1. May I ask you to say which residue of A:Asn407, A:Asn461 is in a helix (DSSP H, G or I) and either out of contact with any Phe, Trp or Tyr (no Cβ under 6 Å at 6 or more places or on another chain) or open to solvent by less than 30 Å² (accessible area, probe 1.4 Å) (or both)?
2. Determine if the stretch B:260-273 includes at least one residue that is crowded, with 16+ Cβ neighbours inside 10 Å, part of a loop (DSSP other than H, G, I, E, B) and touching a helix residue (DSSP H, G or I) at 6+ places or on another chain (Cβ under 8 Å).
3. Within the stretch A:274-314, count every residue that is open to solvent by 50 Å² or more (accessible area, probe 1.4 Å), under 27 Å from B:His236 (Cα atoms) and either facing chain B (nearest Cβ under 8 Å) or assigned to a loop (DSSP other than H, G, I, E, B) (or both).
4. Could you say whether any residue in the stretch A:366-382 is within 30 Å of A:Leu293 (Cα to Cα) and open to solvent by 10 Å² or more (accessible area, probe 1.4 Å)?
5. Give me the pairs: first residue in the stretch A:181-202 and away from every other protein chain (no Cβ under 11 Å), second residue open to solvent by 10 Å² or more (accessible area, probe 1.4 Å) and of a type in the set (D, E, K, R), beta-carbon distance under 7 Å, and six or more apart or on different chains, which are they?
6. Run down A:Gly498, A:Gly424, A:Gly466 and say which single residue is surrounded by fewer than 17 Cβ atoms within 10 Å (Cβ to Cβ) and modelled with pLDDT under 85.
7. Given the criterion crowded, with 21+ Cβ neighbours inside 10 Å and among the β-branched types (Val, Ile, Thr), identify the matching residue among A:Ile57, A:Ile33, A:Ile22.
8. Quick one: B:Asn355 ticks every box in (1) away from every other protein chain (no Cβ under 11 Å); (2) under 19 Å from B:Pro481 (Cβ atoms); (3) of a type outside the set (Gly, Ala, Ser); (4) not in a helix (DSSP H, G or I) bar one, so which box is it?
2 protein chains.
Amino acid sequence: MKSMTPLEEIRHSAAHIMAAAIKRIWPDTKLDIGPPTFNGFYYDIDLDHNLTADDLINIESEMKMIIKENQPFVRIEVDRQEAVTFFKKQNQPYKLERLADIPENEVITYYKNGEFIDLCAGTHVKYTKQVKAFKLLSIAGAYYRGNENNKQLQRIYGTAYPTKQELNQYLELLEEAKKRDHRKLGKDMNIFHIDDSVGQGLILWQPNGSIIRKELQNFISEELTKQGYHEVFTPHIGKLGLYRTSGHFPYYQESQYPPIIEDDVIQMMAAENCSCAQLANRLKEGEIDGYLLKPMNCPMHIKLFDAQPHSYRDLPIRFAEFGTVYRWEQSGELNGLVRVRGLTQDDGHIFCTDNQLGNEIKASIEVVKVVLRTLGILDYRVRIGLRDPDSTKYTGDSVLWNKAENNLRQVAQTLGVDFEEEQGEAAFYGPKIDFVIKDVIGRDWQLGTVQVDYNLPKRFNLNYIGSDNKPHRPVIIHRAPFGSMERFVGLLIEHFGGNFPTWLAPEQVRILPINDNLQCYANNISTLFKKW
Amino acid sequence: MKSMTPLEEIRHSAAHIMAAAIKRIWPDTKLDIGPPTFNGFYYDIDLDHNLTADDLINIESEMKMIIKENQPFVRIEVDRQEAVTFFKKQNQPYKLERLADIPENEVITYYKNGEFIDLCAGTHVKYTKQVKAFKLLSIAGAYYRGNENNKQLQRIYGTAYPTKQELNQYLELLEEAKKRDHRKLGKDMNIFHIDDSVGQGLILWQPNGSIIRKELQNFISEELTKQGYHEVFTPHIGKLGLYRTSGHFPYYQESQYPPIIEDDVIQMMAAENCSCAQLANRLKEGEIDGYLLKPMNCPMHIKLFDAQPHSYRDLPIRFAEFGTVYRWEQSGELNGLVRVRGLTQDDGHIFCTDNQLGNEIKASIEVVKVVLRTLGILDYRVRIGLRDPDSTKYTGDSVLWNKAENNLRQVAQTLGVDFEEEQGEAAFYGPKIDFVIKDVIGRDWQLGTVQVDYNLPKRFNLNYIGSDNKPHRPVIIHRAPFGSMERFVGLLIEHFGGNFPTWLAPEQVRILPINDNLQCYANNISTLFKKW
């Protein structure tokens, strides 16, 4: 049995105390589970009464009573049949199902505090008084076992810390995060608008947001020009065949908008008496001709590279584009600028020789560092995303994967930054280095990325003529210092709490009406970004 | 009978002389028709032998013989039955069908020169020697009566002028246009690339083209900022409902990419055992839910306007966007940068009060004039596009249309530029002013546009609060000084023959390799544009 960390024990015990308090108030409550989480705990319960904020206050009072009673947490090993009988008698159907999940040979345990007995593997603090600082935070709906075909239970979120001081710090942070919420500030400050009639997750940049975006784009454009990049513009749709070649289709169709089917194809299928079921099937199999909203810019840049023959003397060739790509995020996952269905990457692709790869990775990482430093974002860490060796979602052979992963690891070691490796975080075509930054209130944001790719050059049969006068395959580096303009501006709003650095006083920025001369702001923001 | 202009008579006579020459060489040739055109003439013929450039030389020689023979053109009135007998005997099936097209009561005439007799309403020059300067230019395929279900005939193009000098001028212009062809220069100069695997009519801007586009965008951005515009960014797709409200769907679906049908909808139709024919039908009727690649930016800007309440004091509000829109041009109509399926408009929409309309139209036209003047394009004319009173394709009531048309006419009168009115050239939502420019070799290009619109504000139920504290409807002006970046750059390439104004010598620009430091070019081109 894996025991919990001391903090997890406090939080998990708080969850039990909460469940016990709820049972005292509503004895018929049916309980599911109550684990600790990254920043607190929750318990999912089935209760006819719809809980309100007032109820949370009552539950908190009852929890304080239980803590005051200083009940010991007692671990009790129990026979499976006895447990079944007990939870049947208690009318706890979810507990019975959870009990059935426990493998035959495993020891089954209760944890008991006071009158409350829970099916639980532990572990817990010794006495309820050890839960010294807790707070119930919110109520949400949660489908039993996370499956939307099951009943929706009520989930009560809370948090607990070893000391009152730590709890208060966290609550202040939550309060601060709420004030900084980019969705609220973004609306108040005319930064962006999302309109149901246009579509969920699709950002309409309002004038103030557009100024910020343009200034950021100009800033990064300048940096990239210094580094020998060529800016390009490519279409937002491409034929399905292009994405079949790249591997984006049909394997990733669930995270893409459905393809645009040409009228001719539907007419032809109609003439052949095909059913919509056949159409759906042929779509799924990728047998239909049509266009896809581009989920990534790489195939377009590859086609630009391939538009003319190249000698080794031309390389590296570096293309950059503020390319808007479209992805089908589940509507439940959408979140302001941070999780969207249309995102504008500060994208770029480097086509280079094997020998140039190390230097190009270094230079790509340097761009990310320059960007973050210039914008005053100094607290970041680096993560190397590798294959999950057990997954089949990756394309390309493993010799090339190993080569690419080793290349990234070697460069990471020269970075002078802590880095960690994470399996299963690679792109489908190659491993990557991600920059994870901390904002002023300590939250992580995954932003810039640098990815090494031996696979797409092979799939697209890219070549350059080497000094030996023979064709060779280039390597591609995919890189995006900001990640996406949407996400990055979302971060900036929350990081600065809306007080963007500018010659305007913060209160002026906040109330900047749409008709003011925003250009002064535009002219100055870039200068100021560079000064921080 | 409408007689032809003297130039048309020369060209039409040249067509007859050509047909006579062909019949001398290939007596079995079946003839269709041979009218004069805007810049020459053609004749469509049905001949088993595939004509080559060498054949054109032989035909020209024979034509010179016929001209030397100085045959008179003789008009002969003929009885319908006699004509039928004649063309049957001659084995001329197309002439028989054309004969059948002539209404019963109309006089039927031959025109005869030498041994050649043609069914023809005329008119012609008196003698073949009056065709003093002609040239055969090219051979193309042409479906009989322009219908692709009919047989493809061979069309021979030629031109003729009153004098050798005028002919030579025209041939030099053709030669010059060929040298300036933006498709060839665009490829040679790494300006743009079209890739079949991405899709026909979709432009991939190469590094050199992107520099030109960026410089033009920066230039116009600056101008618009001076004029109080706010730049915005909006998505490239929107829900179908948005375009149902605007009127773009389903009425204009033939000129749009088909909608993206949500997976759920296809799944649901599959579950209901629907056929593809039903799907096609429901699509056509606009009953399906989904997304449309935006054919125009206006509904997006309208949603931005409508994102917050407005007082009359906020107006006018001016939004500008380099917005890429997608339209389904027939593949036969696509032409390099000039006729495309994805175009980036330097788009903008002004939301103003009725009282502000006149000044805003003037200012919008002023922007177009500043742009053209700055870029050294001084030869242009103005066209007012009005409703076609017999058409039903326009939305909105005729009181508002009259108001908008009068407004435009009044402003045009103050322009100090010649203008003409053209019925049937309006947008579906309102009348417009178009700028038609002449390039250095005298060809017309339709570019910038300013359109007045009372209809979309009504369809979207837009309001502002007036000084009387009551809601009022704003007017929208749609305007785009360049029209589209693609078309405008296409024009620039041909206008300058690739010798873009810059500090680089023309020969350097032409051979600029992809790895040169293009930034110097970028830094200077805008300065130079302003100096011309």
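The values are calculated or read from the model by the stated rules, or taken from the named source; none is laboratory data. Worth saying up front: this structure is predicted, and the values here are computed from it rather than measured. So basically every Cβ, Gly included, is an ideal-geometry build from the backbone, and we count neighbours across all protein chains shown. The accessibility values were calculated without ligands, DNA or RNA, using every heavy atom of the protein model including side chains. Shrake-Rupley method; radii C 1.70, N 1.55, O 1.52, S 1.80 Å.
1. When all the criteria are applied, what remains is A:Asn407.
2. Checking the stretch B:260-273: not a single residue is crowded, with 16+ Cβ neighbours inside 10 Å, part of a loop (DSSP other than H, G, I, E, B) and touching a helix residue (DSSP H, G or I) at 6+ places or on another chain (Cβ under 8 Å).
3. Matching residues across the stretch A:274-314 total 4.
4. Within the stretch A:366-382 (the criterion being within 30 Å of A:Leu293 (Cα to Cα) and open to solvent by 10 Å² or more (accessible area, probe 1.4 Å)), the answer is no, since none of the residues qualifies.
5. A:His182/A:Glu494; A:Met189/A:Arg510
6. Result of the check over A:Gly498, A:Gly424, A:Gly466: A:Gly424.
7. Step by step, each of A:Ile57, A:Ile33, A:Ile22 is checked, and only A:Ile22 is crowded, with 21+ Cβ neighbours inside 10 Å and among the β-branched types (Val, Ile, Thr).
8. Looking at each condition in turn, B:Asn355 falls short on (2).
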